[in-house]
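The structure appears right after this line, and notes come after that.
The values are calculated or read from the model by the stated rules, or taken from the named source; none is laboratory data. The structure presented is a predicted model; accordingly, all values stated were derived computationally and were not measured. Please note: Cβ atoms are built from the backbone with ideal geometry, for glycine as well, and neighbour counts cover all protein chains shown. Note: accessible area is taken over every heavy atom of the protein model, side chains too, but ligands, DNA and RNA are not part of it. Shrake-Rupley method; radii C 1.70, N 1.55, O 1.52, S 1.80 Å.
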Amino acid sequence: MESFTPIASLIGGILIGISSALLLMFNGRIAGISGITGALIEPSTGAGERGWRIAFVLGLVVTGFIAAIVSPTAFESTIDRSTVAIVLAGLAVGFGTRTGSGCTSGHGVCGLGRLSGRSLAAVLTFITTGAITVFVVRTVFGGSV
Amino acid sequence: MNERKQVVLAGLSGVIFSIGLVLAGMTRPGKVVAFLDFFGDWDPSLAFVMGGAATVYLLTFQGLAKKRDTPLVAPVFHLPTRKDIDVPLIVGGGLFGIGWGLGGFCPGPALSSLGTGSFDVATFVVAMFAGMGLRSILKRRSAVHDGSTQTA
């Protein structure tokens, strides 16, 4: 069971907003994680386009590494998923975000913040299919896939 | 010179982003699934994450960025210009949602969680990059195809 954490989640959200706002104001870039990482594996991405992307991803990963030492419970998983389900999930997230031009950050934070109709459509779509997936996993598979 | 500043700024942005994700509870797959479980034991916390983040961004974008011609350390703003709601947007978003509900991870939290050394997280991230790579290959193929037949 997960407990309702409005204050911590709001503070976390504000930090995510500040981080994305910094990237916009200083670098003029959208803080979309799928876009930033996806471009790194595109052969057409030039050397000058890679530096800041690698730095952003390193900041994300290294900070997570430190956080995992300081507060391991923040990374606890309480859901029951097989390796097959995790592989399928990763493939869908990777393929889907690149097809739909964004994920929770690019569409959900930056897109909604720019009042983009495209991003609103994307957010409503992925929350709906996510909810259907969770509903099916719980009711058809008993929460374990 | 400015390129170095951009790299430092992006690194700092990544650090703050990651702290935000961890505090928000986004690195707990069970919490993500509980947010998406509207008809079960719903945990609305993640609405506060997206709401808080989007509000800060909205104020910055409308109040500050729109008034400037250029960003502070880069020559131009790179912002999306498209307004049409097309099939790839909806199909891609839909697929992403399925993966999000199935694994409990979206791209940012998955990368933040790599440092736990969890096998599941590493598996998810490898599969995610494979999915991105597959999309990239298909897109380049269809681009070549479209170039010769003028469909699309």
Check B:PRO29 against each of (1) open to solvent by 10 Å² or more (accessible area, probe 1.4 Å); (2) under 29 Å from A:ALA67 (Cβ atoms) and name the one condition it does not meet. (1)
If only one of A:SER77, A:SER82 is hydroxyl-bearing (Ser, Thr, Tyr), closer than 19 Å to B:ALA127 by Cα and more than 7 Å from chain B (Cβ to nearest Cβ), which one is it? A:SER82
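Which one of A:VAL57, A:VAL123 is β-branched (Val, Ile, Thr), under 14 Å from the mean Cα position of the chain (by Cα) and open to solvent by less than 20 Å² (accessible area, probe 1.4 Å)?
The conditions single out A:VAL123.
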What are the residues in the range B:34-47 that are buried (at least 23 other Cβ atoms within 10 Å of the Cβ) and under 19 Å from A:VAL109 (Cα atoms), if any? B:PHE35, B:LEU36, B:SER45, B:LEU46
Kindly provide the set of residues from the range B:68-111 that are under 13 Å from A:THR99 (Cα atoms) and surrounded by 20 or more Cβ atoms within 10 Å (Cβ to Cβ), ordered by number. B:LEU89, B:GLY92, B:GLY93, B:GLY94, B:LEU95, B:PHE96, B:GLY97
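Does A:GLY35 satisfy being part of a helix (DSSP H, G or I), of a type in the set (Gly, Ala, Ser), facing chain B (nearest Cβ under 7 Å) and under 17 Å from B:PRO109 (Cα atoms)? Give the derivation first.
Numbers: part of a helix (DSSP H, G or I): yes; of a type in the set (Gly, Ala, Ser): yes; facing chain B (nearest Cβ under 7 Å): no; under 17 Å from B:PRO109 (Cα atoms): yes.
It is false that A:GLY35 is part of a helix (DSSP H, G or I), of a type in the set (Gly, Ala, Ser), facing chain B (nearest Cβ under 7 Å) and under 17 Å from B:PRO109 (Cα atoms).
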Of the residues A:GLY117, A:GLY143, which single one is at pLDDT below 95 and open to solvent by 10 Å² or more (accessible area, probe 1.4 Å)? A:GLY143
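Do we have B:GLY11 as outside any helix (DSSP H, G or I) and open to solvent by less than 70 Å² (accessible area, probe 1.4 Å) here? Step through it out loud before you land on a result.
Numbers: outside any helix (DSSP H, G or I): no; open to solvent by less than 70 Å² (accessible area, probe 1.4 Å): yes.
When the stated conditions are applied, B:GLY11 does not pass them.
Out of the range A:60-70, which residues are without any contact (Cβ under 8 Å) to a residue 24 or more places away in the chain and open to solvent by less than 40 Å² (accessible area, probe 1.4 Å)?
A:VAL61, A:THR63, A:GLY64, A:ALA67, A:ALA68
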Would a scan of the range A:87-103 turn up a residue that is touching a helix residue (DSSP H, G or I) at 6+ places or on another chain (Cβ under 8 Å), among the small types (Gly, Ala, Ser), part of a helix (DSSP H, G or I) and open to solvent by 40 Å² or more (accessible area, probe 1.4 Å)? no
Within the range A:126-136, which residues are open to solvent by less than 10 Å² (accessible area, probe 1.4 Å) and of a type in the set (Val, Ile, Thr)? A:VAL134
Selection status of A:ALA92, at the interface with chain B (Cβ under 7 Å from one of its Cβ atoms) and within 25 Å of B:ASP86 (Cβ to Cβ): yes
Criterion (within 7 Å of chain A (Cβ to nearest Cβ) and under 16 Å from the mean Cα position of the chain (by Cα)) met by exactly one of B:LEU58, B:LEU12, B:LEU46, B:LEU64: B:LEU46
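Of all residues in the range A:1-54, how many are of a type in the set (Val, Ile, Thr), closer than 19 Å to B:MET132 by Cα and open to solvent by 30 Å² or more (accessible area, probe 1.4 Å)?
So the answer is 3.
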